1. Go through (1) surrounded by fewer than 22 Cβ atoms within 10 Å (Cβ to Cβ); (2) over 15 Å from the mean Cα position of the chain (by Cα); (3) under 17 Å from Met200 (Cβ atoms) and name the single condition Lys85 misses.
2. Among the numbered criteria (1) among the aliphatic types (A, V, I, L, M); (2) surrounded by 23 or more Cβ atoms within 10 Å (Cβ to Cβ); (3) closer than 30 Å to Ala269 by Cα, which single criterion is violated by Ile201?
3. Filtering the stretch 55-75 down to residues that are crowded, with 16+ Cβ neighbours inside 10 Å and over 20 Å from Thr244 (Cβ atoms), which residue is nearest to the chain's Cα centre (by Cα)?
4. Residue under question is Gly78, and the condition is that it be surrounded by 20 or more Cβ atoms within 10 Å (Cβ to Cβ), in a helix (DSSP H, G or I) and not acidic (Asp, Glu); does it hold?
5. Out of the residues in the stretch 96-111 that are over 13 Å from Ala71 (Cβ atoms) and under 15 Å from the mean Cα position of the chain (by Cα), which is surrounded by the most Cβ atoms within 10 Å (Cβ to Cβ)?
6. Within the stretch 117-130, does at least one residue satisfy the condition of being part of a helix (DSSP H, G or I), on the phi < 0 side of the Ramachandran plot, within 16 Å of the chain's Cα centre (by Cα) and crowded, with 16+ Cβ neighbours inside 10 Å?
Amino acid sequence: MASSGLRSYIALMEKLSNQSEARRRRFRAIPVRMLVPNVITLLALCAGLTAIRLSTEERTGLALGAIVFAAMLDGIDGRVARLIKGQSRFGAELDSLADFVNFGVAPGLILYFWQLHELHNGGWIASLVFAISGGLRLARFNSTMDDPDKPAFAANYFTGVPAPAGAICVLLPIYVALLGGPVWPSTLTALYALGIAFLMISRLPVFSGKTIGTRVPPEMVLPAFVLVVLFIALLIGYPWYVLTSGTLLYLASLPVGYFSYRRQQQRAADTQAAAAPAPATPAESFHPPGEHEPEARPPRLN
């Protein structure tokens, strides 16, 4: 009886010790490198929320600048996380939520406060559809990220226009107006926003460019720095020219990505067909070398 009670006491102490160890592991210190990408994502989220406020105050130019700044931060947070090995599930979820606000909700509201409010409910519906399309686009991206059936070459392509690019493209009517060009009719702006929303949720293969810039030859380091500085200078000095031309070039390049994807898909199918084994010969029609199929003999009469 005493030995049974002693065993129960030892088992209880071991269980409490294991729970305490698990609790210590759960609340262990987090490395700083895990925080850096999340800080960048939070800065991008602050930029997107600030863009919404600026649009309500009719400071549309500054609101567009905040969206562009958020897009630039979104482009580097993932690269920084991979560079310093700071990826985490928490960071991935935070990035998706920030992208929905920055590139779905904020551009839709900017368009609505700028012009689409003239269409009343129709303009609000267009803004709403664009924001929801951005959320659906991000949800599909997260759900298919680890798809085991995805071919290797598909890693170089997005399915549908990515949310940051869609946000930059949907604001094209404002760029044109700020350049001094004609102001689009409200109906045309709404239809254009719906078209960009459709491109975001479509199955259109879009070149991602993830494999570009992963390695830079030593002789190209300084020219790369110069090009980056030149681009930033042009973006600051002539923002609406750069954004307008960049949007038009990006939209014009979408068919190129589509045909490139189809070409690689066909090449992969041909390679798989060539590597497939030849169909096996039926066993009943197989005869060893040197032997012939026995001739049919007439039935023997008894």
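1. Tallying (1) surrounded by fewer than 22 Cβ atoms within 10 Å (Cβ to Cβ); (2) over 15 Å from the mean Cα position of the chain (by Cα); (3) under 17 Å from Met200 (Cβ atoms), Lys85 fails exactly one: (3).
2. If we test Ile201 against (1) among the aliphatic types (A, V, I, L, M); (2) surrounded by 23 or more Cβ atoms within 10 Å (Cβ to Cβ); (3) closer than 30 Å to Ala269 by Cα, just (2) comes out false.
3. Step one: filter the stretch 55-75 for residues crowded, with 16+ Cβ neighbours inside 10 Å, giving 55, 60, 63-71, 73-74.
Applying the additional criterion that residues be over 20 Å from Thr244 (Cβ atoms) yields 73-74.
Working: Leu73: 14, Asp74: 11 Å.
Looking at the filtered set, the residue picked out is Asp74.
4. no
5. Going through the stretch 96-111, the residues over 13 Å from Ala71 (Cβ atoms) turn out to be 96-97, 100, 105, 108-111.
Filter once more, keeping what is under 15 Å from the mean Cα position of the chain (by Cα): 96-97, 100.
Working: Ser96: 16, Leu97: 13, Phe100: 22.
Per the stated criteria, the residue is Phe100.
6. First, pick out the residues of the stretch 117-130 that are part of a helix (DSSP H, G or I): 117-119, 121-130.
Subset that is on the phi < 0 side of the Ramachandran plot: 117-119, 121-130.
Then drop every residue that is not within 16 Å of the chain's Cα centre (by Cα), which leaves none.
The answer is no, given that none of the residues of the stretch 117-130 is part of a helix (DSSP H, G or I), on the phi < 0 side of the Ramachandran plot, within 16 Å of the chain's Cα centre (by Cα) and crowded, with 16+ Cβ neighbours inside 10 Å.
Results for (1) within 21 Å of the chain's Cα centre (by Cα); (2) of a type in the set (A, V, I, L, M, F, W, C); (3) modelled with pLDDT under 90; (4) surrounded by 14 or more Cβ atoms within 10 Å (Cβ to Cβ), shown as yes or no for each residue.
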position	(1), (2), (3), (4)
Leu230	no, yes, no, no
Leu234	no, yes, no, no
Gly237	no, no, no, no
Ser245	no, no, no, no
Leu249	yes, yes, no, no
Ala252	yes, yes, no, no
Val256	yes, yes, yes, no
Arg263	no, no, yes, no
Gln266	no, no, yes, no
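For every residue, the table says whether it meets (1) without any contact (Cβ under 8 Å) to a residue 40 or more places away in the chain; (2) part of a helix (DSSP H, G or I).
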site: Ala165; (1), (2): no, yes
site: Pro182; (1), (2): yes, no
site: Leu194; (1), (2): no, yes
site: Ala197; (1), (2): no, yes
site: Leu230; (1), (2): yes, yes
site: Ser245; (1), (2): yes, yes
site: Leu251; (1), (2): no, yes
site: Leu254; (1), (2): no, yes
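The values are calculated or read from the model by the stated rules, or taken from the named source; none is laboratory data. These figures come from a predicted structure and were not determined experimentally. Reconstructed Cβ throughout: ideal geometry from the backbone, glycine too, with neighbour counts over all protein chains shown.
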